[in-house]
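What follows is a short report on a single structure.
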């Protein structure tokens, strides 16, 4: 009896299949993982005139690595790389509508039939197709104040660095999100199985970080006016600068026994308070640990 697999991308959303693929990737695809994406699929350059009205960046990507950095001039540079040359229908698409630049990954896998015993050769071919159609995206954006950056993925990792945004929104299933040298009014990052990392020089007024199974490690240059951090099964590390004071509601924290802090916290009225307790920090951590560190400015 044969079963239809709609696509491996959809299958990866299921935890049981993810486990199978993770095991396989550690053994049968070690050589595959060491390969470099050397094939340039597509390159584009947008001139300042073409990009002049763009204030929002919208990226939907399936899997691979997405890097967004600052351009060395006023042009926008977009490059897609892969292990092998994909079909023309699977090359990324780009469009500009009003004030938004849209970039979308069109890669897909054809439906395959596998028998109930999961024939090893067919399964390996399926996985080979999956890894061969993992594309990387590199974008260099000119420096300016953008209204919004939106990123959505199933299995891609994303690095965003060195620019200024009013709003940053990221939604990932299995991908990791890293921000570096970013100024933003609002950052909202949600993931199911990936890590969220703010590595350095993050300045945000409002910040909402949420993960189910990944870790959250965020370093802030200034204490946000509003900070919400939630993690179900991962650990939370917050590195904060010296400040006038903050307060943490213990009833939301859940895991007070696994809390360590470089800040001297007063414990009273079901709250943990630093200095005047002016700024509320909402931390929800169910099964992991919470660590608060003082930022070293030296």
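Miscellaneous remarks
- Contact map, the range 47-72: residues that are in a helix (DSSP H, G or I) paired with residues that are buried (at least 18 other Cβ atoms within 10 Å of the Cβ), Cβ distance under 6 Å, separation 6+ or inter-chain. Pairs shown: 51/76.
- Boolean, residue 101 is under 23 Å from the mean Cα position of the chain (by Cα), surrounded by 11 or more Cβ atoms within 10 Å (Cβ to Cβ), modelled with pLDDT of 85 or more and within 23 Å of residue 145 (Cα to Cα): yes
- One residue from 172, 197, 221 being closer than 17 Å to residue 240 by Cα and at pLDDT below 95: 221
- Only one entry of 293, 271 meets the criterion of being on the phi < 0 side of the Ramachandran plot and at pLDDT 95 or above, and that entry is 293.
- The set of residues in the range 224-258 that are touching a helix residue (DSSP H, G or I) at 6+ places or on another chain (Cβ under 7 Å) and either modelled with pLDDT of 95 or more or more than 20 Å from residue 276 (Cβ to Cβ) (or both) contains only 256.
- If you go through the range 73-83 and keep only what is closer than 19 Å to residue 38 by Cβ and not in a strand (DSSP E or B), you end up with just 83.
- Some residue of the range 231-242 being surrounded by 13 or more Cβ atoms within 10 Å (Cβ to Cβ), in the same structural domain as residue 206 (by TED's automatic domain parsing) and over 22 Å from residue 214 (Cα atoms): yes
- Checked against the criterion of being under 25 Å from the mean Cα position of the chain (by Cα), in contact (Cβ under 8 Å) with a residue 24 or more places away in the chain, closer than 30 Å to residue 158 by Cβ and assigned by TED's automatic domain parsing to the domain that holds residue 296, the candidates 281, 248 yield just one match: 281.
- Candidates 213, 174, filtered to the one that is surrounded by 18 or more Cβ atoms within 10 Å (Cβ to Cβ) and not in a strand (DSSP E or B): 174
- Per the listing 89, 79, the residue uniquely loosely packed, with under 13 Cβ neighbours inside 10 Å, at pLDDT 60 or above and farther than 14 Å from residue 132 by Cβ is 89.
The values are calculated or read from the model by the stated rules, or taken from the named source; none is laboratory data. Since this is a predicted model, take the numbers as computed values, not measurements. Methodologically, a virtual Cβ is constructed for each residue, glycine included, from the backbone with ideal geometry; neighbour enumeration extends over all protein chains shown.
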